[in-house]
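Everything on this sheet refers to the single structure shown next.
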Amino acid sequence: MKRIILNSIFFVLLFTILPDALLAQGRNEEGQTYILENSYDVVTLTPPTGKKVKNVILMIGDGMSLMHVYSAWTANRGKLNLDNSQAIGLSKTYCADRLITDSGAGGTALATGQKTNYHYVGVDTEGKPLKSLVDLASENGKSAGIAVTCRLWDATPATFCCHNIDRDNEAEIVADYVNCNADYVFGGGAKLFENREDGRNIFKELSNKGFQIPRSWDEVEKIKNGKVFAVVDSVDTPLPAERGDLLARASLKGIELLNQNTNGFFMMIEGSQIDDYGHFNDLDLLMQETHDFDRTIGKIYEWAAQDGETLVVITADHETGGLTLVDGDLEEGRIACKFSTGGHSGVMVPVYAFGPGSEKFTGIYENTAIFDKIKELLNL
Ligand SMILES: [Zn+2]
């Protein structure tokens, strides 16, 4: 009897103390405030009409939900480039073996049209390699490209080029880029391309396959044609305040090169670190990344509006942080937010579309349907 009482006391203590302890070290329970000092302008665009879809640009805000978008919209005093979108849909992000997905399975659904297991990258639930939109575009005579702000072994870019049953097999994933069908790749992660434990130099192998290997933005900028594999940082690219509009520049450079193919192109652009600062529950950097992604969207929408034959689709792989906007002021550009988790949460994520074919993206559908719709529109 005494032992049962002691046991119960132990469990009561455990359940009253433990969650607080976990919360204290894992995330900030207090609300956080953010003010965007200088808001940025948004140009209202006239969407192109009546043309067919020649190119598709898929933009992924990793971990970006409607709450991120609405918070960023409030901080920018009631405007975002996303507001130029013509069609809106909702994507169901659960994966094959879990309700709450990760960027591996979430990215694989967008890249290959298959729901797979948590942490899987570019493979089905049996571990078999799947073809991505990059592969299909390439097989159909189109060019293909990727531009991200994170290390290239991170799950989202990897799901378009690499195949692995575990996203944490970082060195294996990097080596897999040798077989990547993209013509333009921009991102970070140089440290695992060279100085590898297996003695391979992935840059050399890519160079032997006909890629130019610029190692800085200055070198990337000078390139006028040909295949490019640009890894400009050792791990991730610097913080938004330091890197400026690097994602927009890298994306437009990719478009300039890929668009030289008269058959058209597919490109994936990722606002990679929206997810990271959701995990860290860091509202300041989370908003900086979300605004950087939106400013990149502005540049891409502007290019697509001029081109007329390019569909731009913007979505997320899942939500990160359980972000909630609890207070704010549109005139001051002030937001007060709380996070409910240091991980991912379960919620449908928005899908925005601009350009020809955008009407196909209205409605509520599986994340895999985004792949299906792009595949159909590009005739892949
Ligand atoms: Zn994440």
For segment 31-377, I need the span (max minus min coordinate) of the C-alpha atoms along each principal axis, in Å, sorted largest to smallest.
55, 44, 39
Show me the three semi-axes of the equivalent ellipsoid for segment 318-369, from the C-alpha gyration tensor (sqrt of 5 times each eigenvalue), largest first, rounded to whole Å.
28, 19, 7
Might you tell me the accessible area per residue for the chain, computed with a 1.4 Å probe and given in Å²?
42 Å²
Accessible area of residue 180 in the full protein assembly, 1.4 Å probe (Å², nearest 10):
10 Å²
Ranked from the most accessible area to the least, with a 1.4 Å probe and all protein chains present, what is the order of 270, 366?
366, 270
Largest-first ranking of 376, 197, 289 by accessible area, probe 1.4 Å, whole protein assembly kept, is 197, 376, 289
Once residue 128 and residue 330 are pulled to full extension, the length gained, defined as 0.36 nm per residue separation minus their Cα-Cα distance, is 67.8 nm
Divide by every residue of the chain the summed helix terms, -39500 (n - 2.57) for each DSSP H run of at least 4, and state the resulting mean residue ellipticity at 222 nm, rounded to the nearest 500 deg cm²/dmol.
-11000 deg cm²/dmol
Round to the nearest 10 and report in Å² the accessible area of residue 94, as given by a 1.4 Å probe over the protein chains' heavy atoms.
90 Å²
Pulled fully out, how much extra length does the chain show between residue 223 and residue 207, if you take 0.36 nm times their separation in residues and subtract their Cα-Cα distance?
4.3 nm
Highest first, please rank the peptides 311-317, 120-126, 42-48 by the mean number of other Cβ atoms sitting within 10 Å of their residues.
311-317, 120-126, 42-48
Residue 302-residue 359 pseudo-label distance in nm [points 7 Å out on the Cα-to-Cβ vector]
2.9 nm
Which value in nm describes the separation of the simple spin-label points at residue 215 and residue 181, placed 7 Å from the Cα toward the beta carbon?
3.1 nm
Euclidean distance of C-alpha centroids, segment 31-86 and segment 133-175, integer Å:
25 Å
Determine the share of the chain's accessible area contributed by carbon and sulfur atoms, expressed in whole percent, with a 1.4 angstrom probe.
50 percent
Looks like segment 132-282, by Cα gyration tensor root eigenvalues a ≥ b ≥ c and the a/c under 1.5 rounded cutoff (else prolate when a/b is bigger than b/c, oblate otherwise), is rounded
FRET efficiency (residue 372, residue 140; Cβ distance; R0 22 Å; to 0.05) is 0.90
Might you work out the accessible area of residue 73 for me, using a 1.4 Å probe with all protein chains in place, and round it to the nearest 10 Å²?
60 Å²
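The values are calculated or read from the model by the stated rules, or taken from the named source; none is laboratory data. This structure is a prediction, so every number in the text was calculated from the model and none was measured. Cβ sites come from the backbone with ideal geometry, for glycine too, and all protein chains shown count toward neighbours. Just the protein is used for accessible areas: all its heavy atoms, side chains included, with ligands, DNA and RNA removed. Shrake-Rupley method; radii C 1.70, N 1.55, O 1.52, S 1.80 Å.
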